[in-house]
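Novice: Supplied in structure tokens, the structure appears directly below.
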Amino acid sequence: MKKILKVFIGAFLVLGASVCAAETQNIQIFSVDNSKGAINAKSIEKAFNASGVVVDVNNDMNSIFSKRYGKVHHKNYNLAIFTNSKLVSKLMKKYPKIGLITPLSMSIYEDGAKNTINISTLSLAGMARITKIPATDPDLIEYAKAVDTALHKALPNGKYLSVNHNTKSSKPLMTEFTIEFELEDGDTYVDAKDSFEEEFEGELGPVGFLIPKSYKLQHDDYDFFDTYSIIRFNAIYPVSKNHPDAGAYAPFSLVIYKKKDEDAAHIAFPSIDNWISDLDITDEATVKAVRETHDKIKNILEELTE
């Protein structure tokens, strides 16, 4: 009996250690057999919406990649963005850096050889890591649970795959700027911000960035709180070849906000060059594309906030 008990306790400890290890991963991949082809990006979008995490954009990247590059890497590959406005509003009051993951993103991809369909999103640990919101915050936990519920609804009988990405980085997880808007006669901070954003948007297109969606969020504590979902195909195309789960990071979110009790406005986005370490990217050309993407948007914001 003692021997059986020891074996049981040992197995329990191993299971507990495995769960803890999984929870520290920044990306989670939920997968299910799709040999019958019953599940697709549209059915996943419908399931997410029904679960309260609303999908605002769901793009067929293979259609885009085939036209731009003449080749695709996966049987099906979609990038989508989604939010839960109620939880974002709660978190905004305490943690403005929730804007760094507003909206959240996911990749939906099929492995033709294995006949599986997969969804990659940020885990609770990943959400907390980027935003610096404590992983014990009840609203962030609820957000992560809402994503988990949506994943299970979208992929019935699905399971989380084992993920072993690098969770350490020597680079800053966030790239941040501040700016104090000088108001012209009769202008408000919103007017000044709108002018800034118009110039910012004008700089993005010529260097290959697109904005699938932007948000103007309302909260009594802020003069304004805007976020952008931003993507650069020349980065996500090479990255997605060997790392289709990169959709948990892309499109990336950029936040521009000003609290009413502060003089400066804040601009921040998750540091894109961390993709290299987080996803264990080793291919030199792909590493170059990621670093170029980070530097291009960083340089634009440096010029606009000088």
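What follows draws every value from the coordinates through simple rules; no lab data is involved. Keep in mind that what you see is a predicted model, and the values were worked out from it rather than measured. Heads up, the Cβs are rebuilt from the backbone with ideal geometry, glycines too, and the neighbour counts pull from every protein chain shown.
Novice: Helix-derived [θ] at 222 nm for the chain: sum -39500 (n - 2.57) over DSSP H runs of at least 4, divide by residue count, nearest 500? The partial results should precede the final answer.
Specialist: Working: 10 runs with 129 residues, N = 306.
For the chain, the value works out to -13500 deg cm²/dmol.
Novice: What residue among Ser43, Asn78, Phe233 has its Cα farthest toward the positive end of the dipole of the chain, where the charges are +1 on Lys, Arg and -1 on Asp, Glu, each on the Cβ?
Specialist: It is Ser43, whose Cα lies furthest towards the positive end.
Novice: Additional query: Hand me the GluC sites (Glu not before Pro) from segment 149-185 located in a DSSP loop with no more than 15 other Cβ atoms within 10 Å, in residue order please.
Specialist: Numbers: sites: Glu176, Glu180, Glu182, Glu184; in loops: Glu180, Glu182, Glu184.
The qualifying sites are Glu180, Glu182, Glu184.
Novice: Out of segment 136-168, which trypsin sites (Lys or Arg not before Pro) are coil in DSSP terms and have no more than 15 other C-beta atoms within 10 Å? Walk me through the numbers on the way to the answer.
Specialist: Working: sites: Lys145, Lys153, Lys159, Lys168; in loops: Lys168.
Taking segment 136-168 and a limit of 15 other Cβ atoms within 10 Å, the loop trypsin sites (Lys or Arg not before Pro) found are Lys168.
Novice: Another question about this same structure. Work out the FRET efficiency for Thr24 and Ala285 from their Cβ-Cβ distance, taking R0 = 25 Å, and round it to the nearest 0.05. The partial results should precede the final answer.
Specialist: Numbers: r = 30 Å, r/R0 = 1.21.
Calculated value: 0.25.
Novice: Report the one residue of Val32, Gly202, Ile141 whose Cα lies farthest in the direction of the positive end of the charge dipole of the chain (charges on C-beta: Lys and Arg +1, Asp and Glu -1; origin at the Cα centre).
Specialist: Val32
Novice: Now, a different point. Given charges of +1 on the Cβ of Lys and Arg and -1 on the Cβ of Asp and Glu, with all other atoms neutral, how large is the dipole of segment 150-306 about its Cα centre, in debye to the nearest 20? Provide the component values of the computation, followed by the final result.
Specialist: Working: 16 positive and 31 negative charges, 317 e Å.
Once rounded to the nearest 20, the dipole reads 1520 debye.
Novice: Given a 10 angstrom Cα cut-off, can you work out which residue in Ser85, Ser214, Ser195 is the most mobile in a GNM of the chain?
Specialist: Sorting by GNM fluctuation, first place goes to Ser195.
Novice: Would you calculate the volume per residue, in Å³, of the smallest convex hull containing every Cα atom of segment 186-303?
Specialist: Details: hull volume 13.6 nm³, N = 118.
Residue-normalised Cα hull volume stands at 115 Å³.
Novice: Using a simple charge model, +1 on the beta-carbon of Lys and Arg, -1 on the beta-carbon of Asp and Glu, nothing else, what dipole does segment 25-305 show about its Cα centre, in debye to the nearest 20? Intermediate results must be reported in sequence, preceding the final value.
Specialist: Values: 32 positive and 40 negative charges, 378 e Å.
Magnitude of the dipole: close to 1820 debye.
Novice: Another question, then. Which trypsin sites (Lys or Arg not before Pro) in segment 231-288 pass both tests, a DSSP loop state and at most 15 other beta-carbon atoms within 10 Å? It would help to have the intermediate numbers written out before the result.
Specialist: On the way: sites: Arg232, Lys241, Lys258, Lys259, Lys260, Lys288; in loops: Lys260.
Here the trypsin sites (Lys or Arg not before Pro) that fit, given the DSSP loop and packing criteria, are Lys260.
Novice: Taking segment 246-292 on its own, what percent of its Cα-Cα pair distances exceed 13 Å? Please report the intermediate quantities before stating the final value.
Specialist: Numbers: 691 of 1081 pairs.
So the portion of pairs separated by more than 13 Å is 64 percent.
Novice: Taking 7 Å along the Cα-to-C-beta vector as the label spot, tell me the Thr167-Thr188 distance in nanometres, rounded to one decimal.
Specialist: Roughly 4.4 nm, to one decimal.
Novice: Report the convex hull volume per residue for segment 125-177, counting only C-alpha atoms, in Å³.
Specialist: Values: hull volume 6.1 nm³, N = 53.
Looking at segment 125-177, the number lands at 115 Å³ per residue.
Novice: Another question, then. Going highest first, how would you order 73-82, 216-225, 89-98 by mean Cβ packing within 10 Å?
Specialist: On the way: 73-82: 21.5, 216-225: 15.9, 89-98: 19.3.
The packing order, highest mean first, is 73-82, 89-98, 216-225.
Novice: Taking Cα pairs under 8 Å and at least six residues apart, what relative contact order does segment 72-115 come out at, in percent? Each step should come with its number before you reach the end.
Specialist: Working: 42 pairs, mean separation 26.6, N = 44.
Computed value for segment 72-115: 60 percent relative contact order.
Novice: For Cα pairs less than 8 Å apart in space and 6+ apart in sequence, what is the mean separation divided by the residue count of segment 25-305, i.e. the relative contact order in percent?
Specialist: Values: 528 pairs, mean separation 64.7, N = 281.
Worked out over segment 25-305, it gives 23 percent.
Novice: Can you list which of the DSSP-assigned H helices in the chain have a Cα extent of 30 Å or more along the long axis and an average Kyte-Doolittle score of at least 0.5?
Specialist: Working: long enough: 2-23 (31 Å, 1.43); 284-305 (31 Å, -0.63).
TM-like helix candidates: 2-23.
Novice: For the chain, with the dipole built from +1 on Lys and Arg beta-carbon atoms and -1 on Asp and Glu ones, taken about the Cα centre, which of His294, Phe65, Pro270 lies farthest toward the positive end?
Specialist: Looking along the dipole axis, the top candidate is Phe65.
Novice: While we're on this one: Please give every one of the aspartates and glutamates within straight-line cross-link reach of Lys259, meaning a C-alpha to C-alpha distance under 20 Å, and leave out same-chain neighbours fewer than 8 residues apart.
Specialist: List returned: Glu176, Glu180, Glu182, Glu184, Asp187, Asp191, Asp194, Glu197, Asp220, Asp221, Asp223, Asp226.
Novice: Related question: Take the Cα atoms of the chain, find their three principal axes, and give me the spread along each one in whole Å, biggest first.
Specialist: Taking max minus min along each principal axis of the Cα atoms, the chain gives 81, 50, 39 Å.
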